[in-house]
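> Submitted below is the structure of interest, expressed as structure tokens.
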Amino acid sequence: MIVKNYKLKKIAIFASGSGSNAENIIRYFSDSTEIKVVSVLTNNHNAKVIERAKNLNISYKIFNKSEFNESVEFLNYLIKEVDYIILAGFLWLIPTRIIEKFPQKIINIHPALLPKYGGKGMFGTNVHQAVIDNKEKETGITIHYVNEHYDEGTIIFQKSVKVELNDTSETVAEKVHQLEYEYFPEVIESVILKK
Ligand code: GRF
């Protein structure tokens, strides 16, 4: 008899806004026996991701800046309950104390082809508008490990999409979201299962 020797890997998703990626990831892993989304964590009590978590029966936590940066309880929760942290539209810089406890275990998605259009302030429409303003012929997604600087950790995966002359920041955002939905869960899975 073959006995599978693996431990269920637990994910927490951090999100500050809508959370459509968070929902997509939760749905993707809902039947998995190897990976489980255990919680959604947000800094924003108005974030739509909270409604999504409730509807999907995933527990959620809302935290403030001092809990995030200083609370021992918050850090201990992560250490005890979580193997991987996924950032899906999360806007705060991750503090060193969390990064140190999760080496190569925090993964972010950025809605452009890093190193272009990354760094502080480069989120949401700002990114897509900059792509349009600079008349880029392509944009895309970057999935990367997280370090102490915005959008600078080692790149795991990139996928590009064409920007057409009639594209606007809204249509570019839509194209990029489609790529995110298609690839982010799979990339998370292959990193965690080391496929
Ligand atoms: C995504 O475009 C992601 O790349 C970026 O923030 C956006 C979040 O969108 N980091 P949503 O909240 O998942 O809809």
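The values are calculated or read from the model by the stated rules, or taken from the named source; none is laboratory data. None of these values were measured; they are calculated from a predicted model. All Cβ positions, even for glycine, are placed from backbone atoms using ideal geometry, and neighbour counts span all protein chains on display. Areas reflect the complete protein model, heavy atoms only, side chains present, ligands, DNA and RNA absent. Shrake-Rupley method; radii C 1.70, N 1.55, O 1.52, S 1.80 Å.
> Among what's in the stretch 163-195 and is of a type in the set (Ser, Thr, Tyr) and not in a loop (DSSP other than H, G, I, E, B), pick the residue that is surrounded by the fewest Cβ atoms within 10 Å (Cβ to Cβ).
Ser190
> Could you tell me which residue of the stretch 119-130 is nearest to the chain's Cα centre (by Cα), considering only residues that are on the phi < 0 side of the Ramachandran plot and either open to solvent by 40 Å² or more (accessible area, probe 1.4 Å) or within 13 Å of the ligand (Cβ to nearest atom) (or both)? Please lay out each step first, then the result.
Taking the stretch 119-130 as the starting set, the residues that turn out to be on the phi < 0 side of the Ramachandran plot are 120, 122-123, 125-130.
Cutting the leftovers down to either open to solvent by 40 Å² or more (accessible area, probe 1.4 Å) or within 13 Å of the ligand (Cβ to nearest atom) (or both) gives us 120, 122-123, 125-129.
On the way: Lys120: 16, Met122: 15, Phe123: 12, Thr125: 17, Asn126: 18, Val127: 16, His128: 18, Gln129: 21 Å.
The qualifying residue nearest to the chain's Cα centre (by Cα) is Phe123.
> Looking at the stretch 100-118, which of its residues are open to solvent by 20 Å² or more (accessible area, probe 1.4 Å) and more than 13 Å from the ligand (Cβ to nearest atom)?
Residues satisfying the conditions are Glu100, Lys101, Pro103, Gln104, Lys105, Pro115, Lys116.
> Considering each of Val49, Val82 in turn, give the residue that is touching a Lys or Arg at 6+ places or on another chain (Cβ under 8 Å) and surrounded by 12 or more Cβ atoms within 10 Å (Cβ to Cβ).
Every option except Val82 fails the conditions.
> Follow-up question, since we're still on this one. Give me the pairs: first residue in the stretch 160-177 and in contact (Cβ under 8 Å) with a residue 24 or more places away in the chain and within 16 Å of the ligand (Cβ to nearest atom), second residue open to solvent by 60 Å² or more (accessible area, probe 1.4 Å) and outside any helix (DSSP H, G or I), beta-carbon distance under 7 Å, and six or more apart or on different chains, which are they?
Once the first residue is in contact (Cβ under 8 Å) with a residue 24 or more places away in the chain and within 16 Å of the ligand (Cβ to nearest atom) and sits in the stretch 160-177, its partners that are open to solvent by 60 Å² or more (accessible area, probe 1.4 Å) and outside any helix (DSSP H, G or I) give Ser160/Glu138; Val163/Lys137; Val163/Glu138.
> Which one of these is within 11 Å of the ligand (Cβ to nearest atom) and either farther than 22 Å from Asn147 by Cβ or touching a residue at least 40 places away in the same chain (Cβ under 8 Å) (or both): Ala47, Ala53?
Values: Ala53 fails: within 11 Å of the ligand (Cβ to nearest atom).
None of the others qualify; the one that does is Ala47.
Quick grid of which residues meet (1) of a type in the set (Gly, Ala, Ser); (2) assigned to a strand (DSSP E or B); (3) at positive phi; (4) within 13 Å of the ligand (Cβ to nearest atom):
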{"site": "Ile132", "(1), (2), (3), (4)": "no, no, no, no"}
{"site": "Glu136", "(1), (2), (3), (4)": "no, no, no, no"}
{"site": "Asn147", "(1), (2), (3), (4)": "no, no, no, no"}
{"site": "Gly153", "(1), (2), (3), (4)": "yes, no, no, no"}
{"site": "Gln158", "(1), (2), (3), (4)": "no, yes, no, yes"}
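> Only one of these is polar (S, T, N, Q) and touching a Gly at 6+ places or on another chain (Cβ under 8 Å): Gln158, Gln104. Name it.
Details: Gln104 fails: touching a Gly at 6+ places or on another chain (Cβ under 8 Å).
When all the criteria are applied, what remains is Gln158.
> Among the numbered conditions (1) in contact (Cβ under 8 Å) with a residue 40 or more places away in the chain; (2) open to solvent by 50 Å² or more (accessible area, probe 1.4 Å); (3) not acidic (Asp, Glu), tell me where Ile13 comes up short.
Tallying (1) in contact (Cβ under 8 Å) with a residue 40 or more places away in the chain; (2) open to solvent by 50 Å² or more (accessible area, probe 1.4 Å); (3) not acidic (Asp, Glu), Ile13 fails exactly one: (2).
> If I filter the stretch 54-74 for residues that are open to solvent by less than 40 Å² (accessible area, probe 1.4 Å), assigned to a helix (DSSP H, G or I) and under 15 Å from Ile192 (Cβ atoms), do I get at least one hit?
no
> Out of all the residues in the stretch 20-28, is one or more of a type in the set (A, V, I, L, M, F, W, C), without any contact (Cβ under 8 Å) to a residue 40 or more places away in the chain and within 25 Å of His177 (Cα to Cα)? Reasoning before the result, please.
Step one: filter the stretch 20-28 for residues of a type in the set (A, V, I, L, M, F, W, C), giving 22, 25-26.
With the extra rule that they be without any contact (Cβ under 8 Å) to a residue 40 or more places away in the chain, the set shrinks to 26.
If we keep only those that are within 25 Å of His177 (Cα to Cα) as well, we get 26.
Yes: one or more hits.
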